[in-house]
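First the structure, in the form of structure tokens, and then the observations on it.
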Amino acid sequence: MAGSPRRAASRRLQLPLLCLLFQGATTILFAIFVRYNHETDAALWHWGNHSNANNEFYFRYPSFQDVHAMVFVGFGFLMVFLQRYGFSSVGFTFLLAAFALQWSTLVQGFLHSFYSGHIHIGIESMINADFCAGAVLISFGAILGKTGPPQLLLMTLLEVALFGINEFVLLNLLGVRDAGGSMTIHTFGAYFGLFLSRILYRPQLEKSKHRQSSIYHSDLFAMIGTIFLWIFWPSFNSAPTSLGDTQHRTALNTYYSLTASTLSTFALSALVSGDGRLDMPILESKFKIQDTCGIHNLHGMPGVLGALLGVLVAGLSTHDAYGDGLESVFPLIAKGQRSATSQAIHQLFGLFVTLVLATVGGSLGGLLLKLPCLDAPPDSQCYEDQIYWEVPGEYENEVQGPLSVEEPDTRA
Amino acid sequence: MAGSPRRAASRRLQLPLLCLLFQGATTILFAIFVRYNHETDAALWHWGNHSNANNEFYFRYPSFQDVHAMVFVGFGFLMVFLQRYGFSSVGFTFLLAAFALQWSTLVQGFLHSFYSGHIHIGIESMINADFCAGAVLISFGAILGKTGPPQLLLMTLLEVALFGINEFVLLNLLGVRDAGGSMTIHTFGAYFGLFLSRILYRPQLEKSKHRQSSIYHSDLFAMIGTIFLWIFWPSFNSAPTSLGDTQHRTALNTYYSLTASTLSTFALSALVSGDGRLDMPILESKFKIQDTCGIHNLHGMPGVLGALLGVLVAGLSTHDAYGDGLESVFPLIAKGQRSATSQAIHQLFGLFVTLVLATVGGSLGGLLLKLPCLDAPPDSQCYEDQIYWEVPGEYENEVQGPLSVEEPDTRA
Amino acid sequence: MAGSPRRAASRRLQLPLLCLLFQGATTILFAIFVRYNHETDAALWHWGNHSNANNEFYFRYPSFQDVHAMVFVGFGFLMVFLQRYGFSSVGFTFLLAAFALQWSTLVQGFLHSFYSGHIHIGIESMINADFCAGAVLISFGAILGKTGPPQLLLMTLLEVALFGINEFVLLNLLGVRDAGGSMTIHTFGAYFGLFLSRILYRPQLEKSKHRQSSIYHSDLFAMIGTIFLWIFWPSFNSAPTSLGDTQHRTALNTYYSLTASTLSTFALSALVSGDGRLDMPILESKFKIQDTCGIHNLHGMPGVLGALLGVLVAGLSTHDAYGDGLESVFPLIAKGQRSATSQAIHQLFGLFVTLVLATVGGSLGGLLLKLPCLDAPPDSQCYEDQIYWEVPGEYENEVQGPLSVEEPDTRA
């Protein structure tokens, strides 16, 4: 495709070599550095003589599984709306997430749970790794259909590292509270992806425009993704919080916020459209050119709004409202180390750091992905499963008719 | 549609205005009345000095999430079998459930957890709200495709209120036990929907009959719904029970009952059909005219049978069979306040109250929805996504061919 | 179809009669033998005066539900890739699993939890029953599309009994540890199915070959199955383990093993294919003739490899590595009743027993299913929903063209 046999041979080898290289390196790093933590190590746990009911596993595993389903079913199928890109959407979600889960365990481990020469892991490592994979998949949404798997793996390599650094700066250095991952996940993932997509801008992409649309059944698959993201959101927000009332309260708040925003979304969708008809609720709407999944509306703006709301809440937090529970919500205020105003300023600065790291990182990522040795799909082949996957023969009749005329050599 | 530009403009505004009105009122009522309960409030929980493992959240949240998946994935996709109504089935499920979850939290809260001037909420409120949403979606199944979203929102407004009253009368005033929601959810939801549908009877609806059928892939989507309802039923029945052995036993009983009824269903389905072939197991079968999803077979009759079985079990319950556990199954018998026979009579009266409230309420609902200002889809446009949703252009080729000729005025 | 009216009448009655017979017998056996265990019986649990938090239910129910979703959503939809066999794949999965869950509760109950004249059941019975259903569905994958439901029910009857015996010999008599069910589930299910399929070999089956392929949207449905199997695998492996650190560690190990094998699979898939394109990751690839779902690659070889790895791990296990936790991993070594080498030999012998029972049992099963009174689909009707299910009329246009009379001209 798109040129010489040499390039074709290069593409043939790039993906398997990158996979083997990344997996090999990750495996070696795991062997050297990663150890079970106090709750997963047989000797340590039994030495401590704990009650099994108090193992962290039982407090967090159900929420973890919901988050895990969001990442793979939710994100994977949300992107299936592209009529000819379903295999890639689900398949590359698997590939990127599988790498991100391992690589972020290492990055986050070095920054958060490294002691005695080792990273110590348990159920919280799995939740945090899935969060980082979520940010990577948000960025993936901005460049869906326009990038090949080797490019996507390199993006993941860079983004996971920057994600870990940003999170460390916010949570550990600035003492910021980031409810629901507004800053670390949504804002960071969205602006990293958007700036990366801007660098990769291609004026000729309209050639593939007819494949950027959905068809009836591909939209139904995408709704599976939407529903999974919606129903498990309370678990997403409550999975990493303090145990007890905080986890309970976070799930409850998310649940009712989602219901309220659903009604508002229906109202807006009907008001905005010319003829009163609804578009698939906001999660799938408004695909801007070059932002395939519309992640700016979906994650970018909501993330920034959430972060600003966090600034407000921090500024208004008092011991009266939270009682002894203030300790688990804004511990630095509770301990008297910080005033509410100071906490609010730190929150705002956290948002600023996130935006800087995301935009600079995304731009660097874009430059990296433009390296000529990396094989991007040609303009006429974007949003098309067939250059990456063996596709059943009936495909052409089932979707929108045969491939268009400007691609006469595709299947010859 | 169906006439003048004025009506078209009216429809354009009805849905967003109703959404904003309902959401606005709900939000104000939440702000005034709703407070965290003892397990979700930071100050109250920490003041009590509880062990985190004893927070109700950990006993019920996994079951809640299963119920939540049943309501949105299960009911949502079960109704996707209609070949041209998939967007509406999933989308309106979202809309109705999102409103029902909030509104029923208020109604049930006033009736069950109102003290010191406030409603107090926690994980049990979420479970109960999802149960009420389940009843609303059962009723929705009876009028699927024949009603517009403003009508459906008004139905929800009425049904949630009556659902709360019925439940209060049964559980609090009559001391009835309602295992699996046989009466409060299935019987109430089914007969409310059926009587509402009867009032909305339209003799000319056969005009849309060709769209009431399914196609191969829409049936596969509906199977996703069926499976989710089936696998999570043990959670549905066990989510609201007493903790410990009762919750355990309820999940177990549901699990084995489902397997037994599956084999029986296969046997009956093969015997009943003329040629020994199977129809999609009973959950999707037998669409009676005007009862789009066949909710009478699916919820109405099973609900009544379950209620009658409850009468029988109550009449036979003895301290010998349950030991000290009788306290959590039939507490009034255990405390000696009621004989087994008296409990059985109360159970039977509970069924009677449910049927009266459901049929009267459903009939009133039907009259309400017939108000001329509410815009119902015209006969020729029933079971059709296109009047409510932006549908991808390929839709017409993908499903059963272009819209038929007798509907020339649809989009003019 | 395929012959005389008498055969047609026979087919009409075989399935319902078998269903009613099996369900009737199972119900009677349950009534006679099955009782609640200590954690599900109201009287026993309350007599013990336990804390509700310690009821086994709360430690295992979330993992159980994940396993349950794997069995029904995962296996059910994984097999939907056949373009004209979606109803049968999901429907027969329901039928076989519903019978296997009950029958294996009896078989496993007699072998593992029979005392005082009764089988005692609780959440662990449900998990173990789902595991056995998993093995049956693995075998089903080998003969998918080539067997009718009465044959499949008889296969289930035989396989569940042998599964129980094999598991009893391994776990109770030989003291073998079988992490992740490598031997008892994957190896046993795969070789039972493969030998059964070999006995049922039909040289003329290429007549139906064009229906063995997938189409674009059937592959997307199959991906739903794949994802559910992938995301819940940590629950599958950790559901039956000892509580506390062991369950935690098992989930963690499975999670990271899956991510690593995903990257390796992408690498191999891209290397192996001629042109560098990917096939749907290994779970769906390589359909060998007569092994419809390719279960040899998917379960057989991985199961044997896992078992051999277990031999290695047992041989190397020391008290230094596990501390007091060795008790829960290799209890016989911990108690000094067995050396590490002796445990390794027992593990190897367990694999041998499994292979013998699976191959002999599968061959016997094949002979049983060849009984002329059992109605197998004719060669020209294999992989075809229409002989078992009422299929919507549009089906023919939607998939690959109309059914031909004896199908000589199908693709001409």
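Between A:Leu157 and C:Leu364, the distance separating the two model label sites (each 7 Å from Cα on the Cα→Cβ line) works out to 5.6 nm.
Shielding value for A:220-230 is 5, the average number of Cβ atoms from other chains within 10 Å of each residue's Cβ.
Of A:Ser197, A:Ser51, the sequence from fewest to most neighbouring Cβ atoms within 10 angstrom is A:Ser51, A:Ser197. Residues whose amide H falls under 5 Å from that of A:Ile215, counting only those 5 or more places apart or on a different chain, are A:Gln83, with hydrogens built in the peptide plane. Per-peptide packing, taken as the mean over residues of other Cβ atoms within 10 Å, places B:131-137, A:124-130 in the sequence B:131-137, A:124-130 from highest down. Karplus-derived 3J(HN,Hα) values for segment A:221-236, using 6.51 cos²θ - 1.76 cosθ + 1.60 with θ = phi - 60°, are 4, 4, 5, 4, x, 4, 5, 4, 5, 5, 5, 9, 4, x, 6, 4 Hz; glycine and proline are entered as x. Is the shape of segment C:152-226 rounded, prolate or oblate, going by the alpha carbon gyration tensor and its root eigenvalues a ≥ b ≥ c, with a/c under 1.5 for rounded and a/b larger than b/c for prolate? Oblate shape, in that a/c is at least 1.5 and b/c is the bigger or equal ratio.
Within 10 Å of each Cβ in C:116-122, how many Cβ atoms from other chains are there, averaged over the peptide? Taking the mean over all residues of the peptide, I get 1. Close amide H partners of C:Trp389, meaning residues 5 or more places away or on another chain with modelled amide H under 5 Å apart, are B:Leu278. Residue by residue along A:80-86, Cβ atoms of other protein chains within 10 Å of the local Cβ number 2 on average.
In this simple spin-label approximation, A:Ile165 and A:Phe349 carry label points 7 Å from Cα along the Cα→Cβ vector, and these lie 1.9 nm apart. When the Cα gyration tensor is reduced to axis lengths a ≥ b ≥ c, the ratio a/c is 1.5 or higher for segment B:59-146, and with a/b above b/c it is classed as prolate. Between the alpha-carbon centres of segment C:212-266 and segment C:48-95 there is a gap of 13 Å. In order along segment B:347-364, the Karplus-derived 3J(HN,Hα) couplings, from 6.51 cos²θ - 1.76 cosθ + 1.60 at θ = phi - 60°, round to 4, 5, 5, x, 4, 4, 4, 4, 5, 5, 4, 5, 6, 5, x, x, 5, 4 Hz, and Gly and Pro are given as x. In order along segment B:123-135, the phi-based Karplus estimate (6.51 cos²θ - 1.76 cosθ + 1.60, θ = phi - 60°) of 3J(HN,Hα) comes to 4, 5, 4, 5, 4, 5, 5, 5, 4, 5, 4, x, 4 Hz; Gly and Pro are listed as x. What shape does segment C:1-139 have by the C-alpha gyration tensor, where a ≥ b ≥ c are the square roots of the eigenvalues, rounded means a/c under 1.5, and otherwise prolate means a/b greater than b/c and oblate the rest? Here segment C:1-139 falls in the oblate category.
Using a simple spin-label model with pseudo-atoms 7 Å out from Cα toward Cβ, B:Val272 and A:Phe114 lie 6.5 nm apart.
Read-outs: derived from the displayed coordinates by stated rules, not from any lab. All values reported here derive from a predicted model rather than from experimental measurement. Glycine also receives a Cβ, built like all others from the backbone with ideal geometry; neighbour counts cover every protein chain displayed.
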